[in-house]
Amino acid sequence: MTEIHDVRQRAVLPIGTVIALTELSARQIRYYEKQGLIQPQRNAGNHRLYALVDVEDLLAIKAQLASGLTLGEIKRLQDQSVPHPSDAEARQMLREELLNQSRFTPAPRIKQGF
DNA sequence: TTTCTAACA
DNA sequence: TGTTAGCA
């Protein structure tokens with residue numbers, strides 16, 4: 001499975017679709033982004049493009065807000081659970097990723113008959 | 001038509 | 001957060 005085939009991370013959903021899926025207002029969705037809770041991409045026309053993982057994040061945020069947490073608290077929890085690239089754990093994951101790639105390198109062609 | 005940013009009753 | 005104005 002290569003990264004480009006990870007459907008959940010492909011940013012292709014316009015905000016209207018996200019609104020339909022989350023029941024959140026455009027105002028809320030954009031505000032949560034400004035607070036750093038989600039990071040959707042942008043197309044050439046500066047319009048936001050969301051991935052399914054963004055929708056999942058928004059649903060989680062919605063649930064946490066309903067449970068009484070504030071945006072600031074939710075942001076803190078996210079920062080703690082998402083390791084930075086410099087973290088040992090992230091380095092370990094990247095190392096294994098690279099090892100996997102070499103592991104699938106095509107073996108040398110065996111001399112064909114004739 | 002939809003989305004974007006900025007700003008205000 | 002809602003809502004609206006003026007663009008793209």
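Working from label points 7 Å from Cα in the Cα-to-Cβ sense, the A:L59 to A:Q28 distance is 1.5 nm.
Modelled label positions at A:D6 and A:D79, each set 7 Å beyond Cα in the direction of Cβ, lie 2.3 nm from each other. When the P(r) is computed for region A:3-103, the part past 24 Å accounts for 34% of the Cα-Cα pairs.
Going from the fewest other Cβ atoms within 10 Å to the most, the residues A:R27, A:R76 appear in the order A:R27, A:R76.
Taking the Cβ of A:Q39 as the center, what net charge do the other residues with Cβ under 15 Å away carry, scoring Lys and Arg +1 and Asp and Glu -1? Spell out each step's value before the answer.
Values: positive: A:R8, A:R10, A:R30, A:K34, A:R42, A:R48, A:K75; negative: A:E33, A:D54, A:E56, A:D57, A:D79.
Its environment carries a net charge of +2.
Amide hydrogen proximity for A:L49: with H placed 1.01 Å from N in the peptide plane, the residues at 5 or more positions away or on another chain lying under 5 Å are A:Q41, A:R42, A:N43.
If the chain linking A:Q92 and A:S67 were pulled fully straight, counting 0.36 nm for each residue of separation and taking away their Cα-Cα distance, it would gain 5.6 nm.
Where a number appears in this text, it was derived from the coordinates with a stated rule and is not lab data. Predicted, not measured: the structure shown is a model, and the values here were computed from it. Cβ coordinates were reconstructed from backbone atoms using ideal geometry, including for glycine residues, and neighbour counts include every protein chain displayed.
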